[in-house]
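One structure below.
The values are calculated or read from the model by the stated rules, or taken from the named source; none is laboratory data. In this text the structure is predicted, and so the values were computed from the model without any measurement. As a convention, Cβ positions derive from the backbone with ideal geometry for all residues, glycine included, and neighbour counts pool all protein chains shown. Ligands, DNA and RNA are stripped out before the accessible areas are found, and what is left, the full protein with its side chains, is counted by its heavy atoms. Shrake-Rupley method; radii C 1.70, N 1.55, O 1.52, S 1.80 Å.
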Amino acid sequence: MSQLSRDLLAQADDLLGKDKKKPKQANVRRAASTAYYALFHFLADKVTRTLAGATNDVVEVRTWLARALEHSTMSKVCKFFGNANDKNFKSFASKLNFTSQRDLEKIARAFVELQELRHSADYDLSEPITRAEADSAVKQTENVFKLWSGLEKQYPKLLVIFCLSLLSGKTSSKR
């Protein structure tokens, strides 16, 4: 996991520790948003290391790949991977000869949920963000970090497919 991901998650947690009695919206909103960015940068790190390698001689390639990732594309892909019961997903998985794993579904859903919360925290001032929502975002991000680690050991092929999809936006085998 990248140092940036860890630092962002720690920063989100620190923001939640402020204003114990009556949390300021600035701190709660920033914590929710920062938890999402911790997840985004975690996935960017995992995508680039999975696809380009983890050695120091490919740092420039990883940096370039990370810049190619788009939030909206990743969200679309995560919506797709987060719904393994969908007939289109089942067809995709069958053609590529893999079975979705519950943990990958949780990772994909967490990305979508945290991105939606970030949009609310950063752009929708009509409703407050609660400390509980921001705390849940931090915990979800921590959980994704753990789930990914387990998947790396057991299902590396599945993660390659997921990483390629996050980068390319492709969720079908059609041309």
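So is LEU158 within 12 Å of the chain's Cα centre (by Cα) and under 26 Å from ALA54 (Cβ atoms) or not?
no
When the residues of segment 106-129 are filtered to those that are among the polar types (S, T, N, Q) and either open to solvent by less than 30 Å² (accessible area, probe 1.4 Å) or not in a helix (DSSP H, G or I) (or both), which remaining residue is nearest to THR141 (Cα to Cα)?
Filtering first and then ranking leaves GLN115.
Given the condition modelled with pLDDT of 90 or more, of a type outside the set (S, T, N, Q) and either open to solvent by less than 50 Å² (accessible area, probe 1.4 Å) or in a helix (DSSP H, G or I) (or both), answer yes or no: does some residue in segment 91-100 qualify?
The answer is no, given that none of the residues of segment 91-100 is modelled with pLDDT of 90 or more, of a type outside the set (S, T, N, Q) and either open to solvent by less than 50 Å² (accessible area, probe 1.4 Å) or in a helix (DSSP H, G or I) (or both).
The conditions are (1) open to solvent by 70 Å² or more (accessible area, probe 1.4 Å); (2) under 17 Å from LYS157 (Cα atoms); (3) of a type in the set (Gly, Ala, Ser), and GLY53 fails exactly one of them. Which is it?
Failed condition: (1).
Is there a residue in segment 147-154 that is modelled with pLDDT of 95 or more, under 24 Å from THR63 (Cα atoms), crowded, with 17+ Cβ neighbours inside 10 Å and out of contact with any Asp or Glu (no Cβ under 7 Å at 6 or more places or on another chain)?
Yes; the residues of segment 147-154 include at least one that is modelled with pLDDT of 95 or more, under 24 Å from THR63 (Cα atoms), crowded, with 17+ Cβ neighbours inside 10 Å and out of contact with any Asp or Glu (no Cβ under 7 Å at 6 or more places or on another chain).
Please determine, by comparing only the residues of segment 1-48 that are of a type in the set (A, V, I, L, M, F, W, C) and open to solvent by 70 Å² or more (accessible area, probe 1.4 Å), which one is farthest from LYS106 (Cα to Cα).
Of everything passing the filter in segment 1-48, ALA26 is farthest from LYS106 (Cα to Cα).
Quick check: is even one residue across segment 62-78 surrounded by fewer than 18 Cβ atoms within 10 Å (Cβ to Cβ), over 13 Å from LEU166 (Cα atoms) and not β-branched (Val, Ile, Thr)?
yes
Mind checking which pairs have a first residue in segment 146-175 that is over 18 Å from SER91 (Cα atoms) and a second that is outside any helix (DSSP H, G or I) and open to solvent by 20 Å² or more (accessible area, probe 1.4 Å), Cβ under 7 Å, 6 or more apart or different chains?
Close Cβ pairs satisfying both conditions: LEU151/GLN101; TYR155/GLN101.
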